[in-house]
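Notes to accompany the following structure.
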Amino acid sequence: MADGKTNMKSIETLQNEHNAVLYVLDSLEPALTAAEQGVPVPVDIFTDVGRFFSIFVEQCHNGKEEAAVFARMPASTSGDALVRQLEHEHENGKRLSAAYNDAVGQYTPGNAASAAEVARTAREYGAALRDHIEEENTGLFTSMQESLAADDEEMTAEFDRIEIEEIGEGVHEEIHAMIDSLPPRIKPWADQAKVEA
Ligand SMILES: [Fe+2]
Ligand SMILES: [Fe+2]
């Protein structure tokens, strides 16, 4: 699974979502660096990322994994033990995401001290997400191929249902548009940081 190739649609969907999370984390980093230097990065960049964490990551993506994948993993397999750990990491992620949203709530553009807290909490959650994604891309996907190949269609149908019922098509589209908008919105502020550094 390390090569990213699979014939399971469910794995492909989760992998694409992991890539979207990594893309947002990479896009956000220059905004954090700029804000830490006192560049007045607008708050909506950080609140949009907070909304992405809450809706896309926690509600939609983690919801799919928990309801459609984790719940199906047969007990007494190594996959089941891994699932317990991944569930714990989802819980921990909610705490880290809440800390980030709190920091964004206290953030004032141009105020380096408030920006430092946004950057700290974003990087803490980001590091946890990167580790978690790495474990899922290797361990979880291997277990899915070993134990859940026959359930691929059912899992995929459940993913679609969760996406429509929990998130709604409009919000899904809106979040993808937001993801694409991040680099061009961040660039002018990141450029100021380079000049000041
Ligand atoms: Fe997960
Ligand atoms: Fe995941």
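The values are calculated or read from the model by the stated rules, or taken from the named source; none is laboratory data. Since the model is a prediction, treat every value here as computed from it, not as a measurement. Using ideal geometry, Cβ is built from the backbone for each residue, glycine included, and neighbour counts are taken over all protein chains shown.
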Only one of Ala71, Ala75 is away from ligand 1 (no atom under 12 Å from the Cβ) and outside any helix (DSSP H, G or I). Can you tell me which? Ala75
Can we say Asn92 is within 16 Å of ligand 1 (Cβ to nearest atom) and within 18 Å of Glu124 (Cα to Cα)? yes
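If you go through segment 98-106 one residue at a time, do you hit one that is within 16 Å of ligand 2 (Cβ to nearest atom) and either hydroxyl-bearing (Ser, Thr, Tyr) or modelled with pLDDT of 95 or more (or both)?
Going through segment 98-106, the residues within 16 Å of ligand 2 (Cβ to nearest atom) turn out to be none.
The answer is no; no qualifying residue exists.
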Given the criterion without any contact (Cβ under 8 Å) to a residue 24 or more places away in the chain and small (Gly, Ala, Ser), identify the matching residue among Ala31, Ala68, Ala75. Ala75
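Just to be sure, is Thr33 in contact with a Phe, Trp or Tyr (Cβ under 9 Å, 6 or more places away or on another chain) and crowded, with 16+ Cβ neighbours inside 10 Å? First the steps, then the outcome.
Numbers: in contact with a Phe, Trp or Tyr (Cβ under 9 Å, 6 or more places away or on another chain): no; crowded, with 16+ Cβ neighbours inside 10 Å: yes.
So Thr33 fails the test.
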State which residue is nearest to ligand 1 (Cβ to nearest atom) when the search covers only segment 128-153 and only residues that are charged (D, E, K, R) and in contact with a Leu (Cβ under 9 Å, 6 or more places away or on another chain). Glu136
Residues being within 16 Å of ligand 2 (Cβ to nearest atom) and assigned to a helix (DSSP H, G or I) - total across segment 1-51: 17
For residues that are more than 16 Å from ligand 2 (Cβ to nearest atom) and under 17 Å from Val69 (Cβ atoms), tally how many sit in segment 128-164. 11
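Select the helices (runs of 4 or more DSSP H) contained entirely in segment 81-197, then report the ones holding at least 2 residues which are touching a strand residue (DSSP E or B) at 6+ places or on another chain (Cβ under 6 Å). Working first, answer last.
Numbers: elements: 112-135, 141-147, 152-162, 169-196.
Here the list is empty.
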